[in-house]
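> Attaching a single structure in structure tokens format; questions to follow.
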Amino acid sequence: MGDQVLKLLGATLTQCVKGQDTAARYGGEEFRIILPGTGLKDAVKLAEKIRQRMSGKKVVNRKTGEDLGKITISIGVGAFDFGEPPGQFIARSDDALYTAKRNGRDRAVSQDEVQDKELAFGSYRSLFGKFITTACSYSDRLF
């Protein structure tokens, strides 16, 4: 079943990205979308659109017809700050993804939501920077 869900997610990502945007599988159950020239706010809108499309899908065992439940998707969105090492950019989108998972799954979380919580606890990360590229991380889970 997992392979079918990953194929469905891949097809949905392909339908949702356009132009110079690129979607690719990034390890086991994760995907990345690179959105050159897209700001964080618009990337979050796209992430939510993808999440909603996937949440409308159900998984059915083809052999038995058994309904295996709906697909949920957790999404983290981060923005590249010009000049930073790529690893920092990836870490921010991953932090947002894991925050989405910790907060109940089936949601999209931006890096700003994670950073706002860090600021509230006394740690500081710059909230400023030019948004050049945005990435979303995806991990699917069946209920």
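> Sorting check: for 67-78, 82-93, which peptide has the highest mean count of neighbouring beta carbons within 10 Å, and how do the rest follow? The partial results should precede the final answer.
Values: 67-78: 21.5, 82-93: 13.8.
Answer by packing, highest mean first, reads 67-78, 82-93.
> Please sort 22-31, 38-47 by packing, taking for each peptide the average over its residues of neighbouring beta carbons within 10 angstrom, highest first.
Numbers: 22-31: 14.6, 38-47: 19.0.
Top of the packing list down: 38-47, 22-31.
> Arranged from highest to lowest average of other beta-carbon atoms within 10 Å per residue, in what order do the peptides 4-11, 59-66 appear? Walk me through the intermediate numbers first.
Details: 4-11: 15.4, 59-66: 10.5.
Taking the mean over residues of other Cβ atoms within 10 Å, the ranking is 4-11, 59-66.
> Taking θ as phi - 60°, what are the ³J(HN,Hα) couplings along the range 86-101 by the Karplus curve (6.51, -1.76, 1.60), each to the nearest whole Hz, with x for Gly and Pro?
x, x, 5, 4, 5, 4, 5, 5, 5, 4, 5, 4, 5, 5, 4, 5
> Could you give the nm distance between label points at I90 and K63, where each point is 7 Å from its Cα heading toward the beta carbon?
For I90 paired with K63, the spin-label model returns 3.7 nm.
> Another question, then. Report the Cα centroid-to-centroid distance between the range 76-101 and the range 23-62 in angstrom, as an integer.
15
> Using the 2.2 N^0.38 Å rule of thumb for compact globular proteins, work out how the range 18-101 stacks up: its C-alpha Rg over that value, please.
Numbers: Rg = 15.3 Å, N = 84, 2.2 N^0.38 = 11.8 Å.
Against the compact-globule rule of thumb, the ratio is 1.29.
> Okay, next question. Under 5 Å between amide H atoms, partner at least 5 residues away or on a different chain: which partners does E30 have, H built in plane at 1.01 Å?
Close amide H contacts, sequence-distant or interchain: none at all.
> List the residues, sorted by chain then number, that are 5 or more residues from V109 or on another chain and whose placed amide H is less than 5 Å from its amide H.
Long-range HN contacts for V109: I75, G76, V77.
Where a number appears in this text, it was derived from the coordinates with a stated rule and is not lab data. All values derive from a computational prediction rather than experimental measurement. Positions of Cβ are backbone-derived with ideal geometry, glycine not excepted, and every protein chain shown enters the neighbour counts.
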